[in-house]
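Engineer: Pasting in a structure now, in structure tokens, and then I'll have a few things to ask.
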Amino acid sequence: MQHVRTGAERLANDPSLVPGERIGLITNPTGVLPDLTPTLEALLAAGVPVTALFGPEHGMRGTAQAGFSEQDALDPRSGLPVYDTHQISGAELDAVVAASGVDTLVFDIADVGTRFYTYIWTMYDLLASAVRLGVRFAVLDRPNPLGGTVVEGPLLDPAFASFVGRFPLPIRHGRTAGELALMFDPGVRVVEMDGWTREMSYAETGLPWVMPSVNMPTVDTALVYPGTGLFEGTNFSEGRGTTRPFELVGAPYADERYARELNALGLPGVRFREVYFTPTFQKHAGTTVCGVQLHVHDRRAFRPVLTGLSMLHLARVLYPGDFAWWGPDLFMEHLWGSDTLTRCLDDGGDPRQLCPDPSLPDGHLLYPSSRR
């Protein structure tokens, strides 16, 4: 099977695609060519003048847990300086970029297609800094592992903007990083992919899956994440501290009814298996919990946001005295992008009515749909 040619592969073959004399590469372990050569190594071998590196959440080498980053000052292999950008924005981030001395920033990180995954907001913040400082910005585009034809969930209310959402996107946004960058700033340079179409599953791209972060081990994780990621805002475990984060969801107070009632809903493309698991860290660490594992049997029919809302609604109905919100500043409202979900569930409503599938304008779409 012929693989999709990513923007990184194209730049390594033709350095003229991104001009610059002092290039800062924003990357992490997902920044690889199809043969798994790191993008940094390939660009340096091609003569691209990379002079600085920038790391997102989890760090440039991907060793840190959620909410953290690495503190390395130098990349041990290349000797290049590494600048930590996690949770830095505005004037503070401008100072970091200015101190690096770069004239061009290049983004090469794989996204997972979900608004509250932070890499696109690292891109957003660094792009804003680049505009303020007069630094060029380019995106080496990569596939959206959820495809590009289905959009789910509400648009972010700007009043709830945070590092898990800075721009009015739906939860499952259906865009590549390059397409998102063009929405944020139409002047961005995007090194486009060759051969990607919007209906493609990740397997059809022929590209290797590299874990975007420590709790995103497989494509299956990315597929369920737009829905089960919402459980991060509740006292249910979202499976962190297991080998199947976001595919396993449970709580000490849940019981066998949860799987049975979820299956009775007949949600498209998914079945639920009753499970018991013991998280090794974070919520309920060391405690055996009851819950479900999601088994997606039809990827094209599966709707992760609808599924997540159905799971939240049933958890609230079955366990009204135990189910609760979790995290600072009602984290669920930042994940959801407004307070409509928390208010709906607290009032006994059915949240599945909150978000008929939205649509985004066709502008900034770089890749075709094979069905058009």
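The values are calculated or read from the model by the stated rules, or taken from the named source; none is laboratory data. All of these numbers come straight from a predicted model, not from anything done at the bench. Because the Cβ atoms are built from the backbone with ideal geometry, glycine has one as well, and the counts that use them run over all protein chains shown. Areas reflect the complete protein model, heavy atoms only, side chains present, ligands, DNA and RNA absent. Shrake-Rupley method; radii C 1.70, N 1.55, O 1.52, S 1.80 Å.
Engineer: I need a count of the residues in the range 32-55 that are closer than 18 Å to residue 205 by Cα and touching a Phe, Trp or Tyr at 6+ places or on another chain (Cβ under 9 Å).
Structural biologist: Of the residues in that region, 0 qualify.
Engineer: While we're looking at this one, here's another question. If you go through the range 284-314 one residue at a time, how many are open to solvent by less than 10 Å² (accessible area, probe 1.4 Å), without any contact (Cβ under 8 Å) to a residue 60 or more places away in the chain and either polar (S, T, N, Q) or in a loop (DSSP other than H, G, I, E, B) (or both)?
Structural biologist: 1
Engineer: Which residues, taken from the range 1-45, are of a type in the set (Gly, Ala, Ser) and part of a helix (DSSP H, G or I)?
Structural biologist: Across the range 1-45, the qualifying residues are 7, 8, 12, 16, 42, 45.
Engineer: Checking residue 281 against (1) more than 30 Å from residue 185 (Cα to Cα); (2) touching a strand residue (DSSP E or B) at 6+ places or on another chain (Cβ under 9 Å); (3) in a loop (DSSP other than H, G, I, E, B), which test does it fail?
Structural biologist: Single failed check for residue 281: (2).
Engineer: Considering each of 199, 179 in turn, give the residue that is open to solvent by 10 Å² or more (accessible area, probe 1.4 Å) and either farther than 28 Å from residue 323 by Cβ or not in a helix (DSSP H, G or I) (or both).
Structural biologist: Result of the check over 199, 179: 199.
Engineer: May I ask you to list the residues in the range 262-278 that are touching a Leu at 6+ places or on another chain (Cβ under 9 Å) and open to solvent by 70 Å² or more (accessible area, probe 1.4 Å)?
Structural biologist: 265, 271, 273
Engineer: Which residue, of 216, 183, is touching a residue at least 24 places away in the same chain (Cβ under 8 Å) and over 23 Å from residue 332 (Cα atoms)?
Structural biologist: Working: 216 fails: over 23 Å from residue 332 (Cα atoms).
The match here is 183.
Engineer: Has the range 59-77 got at least one residue that is modelled with pLDDT of 90 or more, open to solvent by 30 Å² or more (accessible area, probe 1.4 Å) and closer than 30 Å to residue 283 by Cβ?
Structural biologist: no
Engineer: I would also like to ask the following. Return the only residue of 140, 146 being aliphatic (A, V, I, L, M), touching a residue at least 12 places away in the same chain (Cβ under 8 Å), touching a helix residue (DSSP H, G or I) at 6+ places or on another chain (Cβ under 8 Å) and under 30 Å from residue 326 (Cα atoms). Walk me through it before giving the result.
Structural biologist: Numbers: 140 fails: under 30 Å from residue 326 (Cα atoms).
Being aliphatic (A, V, I, L, M), touching a residue at least 12 places away in the same chain (Cβ under 8 Å), touching a helix residue (DSSP H, G or I) at 6+ places or on another chain (Cβ under 8 Å) and under 30 Å from residue 326 (Cα atoms) holds for just one of 140, 146, which is 146.
Engineer: If you check residue 232 against the conditions, is it under 27 Å from residue 27 (Cα atoms) and open to solvent by less than 50 Å² (accessible area, probe 1.4 Å)?
Structural biologist: It is true that residue 232 is under 27 Å from residue 27 (Cα atoms) and open to solvent by less than 50 Å² (accessible area, probe 1.4 Å).
Engineer: Pull up the range 113-142, narrow it to residues that are under 17 Å from residue 103 (Cα atoms) and of a type in the set (D, E, K, R), then point me to the one that is least open to solvent (accessible area, probe 1.4 Å).
Structural biologist: Ranking the candidates gives 125 first.
Engineer: I've got another one for you. Quickly run through the range 147-176 and pick out the residues that are aromatic (Phe, Trp, Tyr) and either open to solvent by less than 10 Å² (accessible area, probe 1.4 Å) or out of contact with any Leu (no Cβ under 8 Å at 6 or more places or on another chain) (or both).
Structural biologist: Within the range 147-176, 160, 163 meet the criteria.
Engineer: Next up: Out of the residues in the range 90-112 meeting the condition of being assigned to a helix (DSSP H, G or I) and touching a residue at least 60 places away in the same chain (Cβ under 8 Å), tell me which one is least open to solvent (accessible area, probe 1.4 Å).
Structural biologist: 97
Engineer: Anything in the range 1-50 that is crowded, with 19+ Cβ neighbours inside 10 Å, within 16 Å of residue 83 (Cβ to Cβ) and either in contact with a helix residue (DSSP H, G or I) (Cβ under 9 Å, 6 or more places away or on another chain) or polar (S, T, N, Q) (or both)? List them, or say none.
Structural biologist: Result: 23, 24, 25, 26, 27, 28, 31, 50.
Engineer: Let me ask something else. From the set of residues in the range 330-372 that are of a type in the set (Gly, Ala, Ser) and modelled with pLDDT of 90 or more, which is nearest to residue 166 (Cα to Cα)?
Structural biologist: Keep residues of the range 330-372 that are of a type in the set (Gly, Ala, Ser), which gives 337-338, 348-349, 359, 363, 369-370.
Filter again for modelled with pLDDT of 90 or more, leaving 337-338, 348-349.
On the way: 337: 9, 338: 12, 348: 29, 349: 27 Å.
Of everything passing the filter in the range 330-372, 337 is nearest to residue 166 (Cα to Cα).
Residue by residue, here is whether (1) assigned to a helix (DSSP H, G or I); (2) hydrophobic (A, V, I, L, M, F, W, C) holds:
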site: 321; (1), (2): no, no
site: 328; (1), (2): no, no
site: 332; (1), (2): yes, yes
site: 348; (1), (2): no, no
site: 352; (1), (2): yes, no
site: 356; (1), (2): no, no
site: 359; (1), (2): no, no
